[in-house]
1. Using Cα positions and a limit of under 14 Å, work out the aspartates and glutamates in reach of Lys157, with same-chain residues fewer than 8 apart set aside.
2. Amide H of Trp32 versus every other amide H placed in the peptide plane: which residues, excluding those fewer than 5 positions away on the same chain, fall under 5 Å?
3. Where only protein heavy atoms count, and the probe is 1.4 Å, what is the accessible area per residue for the stretch 82-162 in Å²?
4. Once you charge only the Cβ atoms, +1 for Lys and Arg and -1 for Asp and Glu, what is the size of the charge dipole of the stretch 20-162 about its Cα centre, to the nearest 20 debye?
5. Which is farthest toward the positive dipole end of the stretch 1-114 among Ile50, Pro105, Gly65, measuring Cα position about the Cα centre, with Cβ charges +1 (Lys, Arg) and -1 (Asp, Glu)?
6. When only Cα pairs under 8 Å and 6 or more residues apart are kept, what is the percent relative contact order across the chain?
7. Scan the stretch 29-99 for trypsin sites (Lys or Arg not before Pro) in coil per DSSP, keeping those whose Cβ has at most 13 other Cβ atoms within 10 Å, and list them by number.
8. Please identify the helices of the chain, taking whole runs of DSSP H, that span at least 20 Å along their own axis as judged from the Cα atoms and have a mean Kyte-Doolittle score of 0.5 or higher.
Amino acid sequence: MSVVNVPSPATVGFTPEEVDFAMSTRQARLKWVVVVDADLPPGRAANAAICAAAPTVTSVPGLLGTDAPDAEGTMHPGLPWAGCSVLVADSATLRTIRAKATARPDVYVADVPAEAQSTRVYSDFVSAVGETRTEDIDYCAVSIVGPRNPVDKIVGKLPLMP
């Protein structure tokens with residue numbers, strides 16, 4: 001359901017040498033946030049966050065940690081070792097955040113246009129987005145990964161999703 005807006009997929013990610021599972025999430029070079037429309041009901045907000053995260057984890061190298069075996073040897077899939085904060089913003093702020101993030105070549109962006117939650121057929125979604133100008137698209141969520149300081153400036157002091 002997400003439309004990926006990446007200037008160059010190879011420009012954002014962790015190198016193998018940077019991946020350090022003993023490091024605090026606040027020490028990681030890159031920061032990952034998902035910003036969700038604060039007006040969405042809980043189920044739609046969760047859906048939007050998940051849909052924005054899906055292309056992010058497949059497109060940003062080194063984002064996920066290794067699988068974790070439990071005491072009985074059952075494997076649990078790797079999670080984002082550098083963390084991910086889920087924040088909320090009103091729809092106008094969400095559009096501004098997306099615009100600022102996509103303007104930076106060192107930031108990866110995946111978004112979930114509102115059309116994703118109003119269509120049931122993917123080709124209808126693609127068609128609806130294709131008929132809408134970028135500045136007129138409303139977003140349910142935006143996933144951003146980039147250098148910590150610029151990402152902090154882009155999202156400002158948005159609150160965590162309640």
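The values are calculated or read from the model by the stated rules, or taken from the named source; none is laboratory data. Keep in mind it's a predicted model, so treat the numbers as computed, not measured. As a convention, Cβ positions derive from the backbone with ideal geometry for all residues, glycine included, and neighbour counts pool all protein chains shown. Protein only, heavy atoms only, side chains kept; ligands, DNA and RNA dropped before computing areas. Shrake-Rupley method; radii C 1.70, N 1.55, O 1.52, S 1.80 Å.
1. Cα-Cα hits under 14 Å: Asp90.
2. For Trp32, the qualifying residues are Ser85.
3. 50 Å²
4. For this selection, approximately 560 debye.
5. Looking along the dipole axis, the top candidate is Pro105.
6. Once divided by the residue count of the chain, the mean separation gives 36 percent.
7. Arg29
8. For the chain, where a helix must reach 20 Å along its axis and average at least 0.5, the hits are 42-59.
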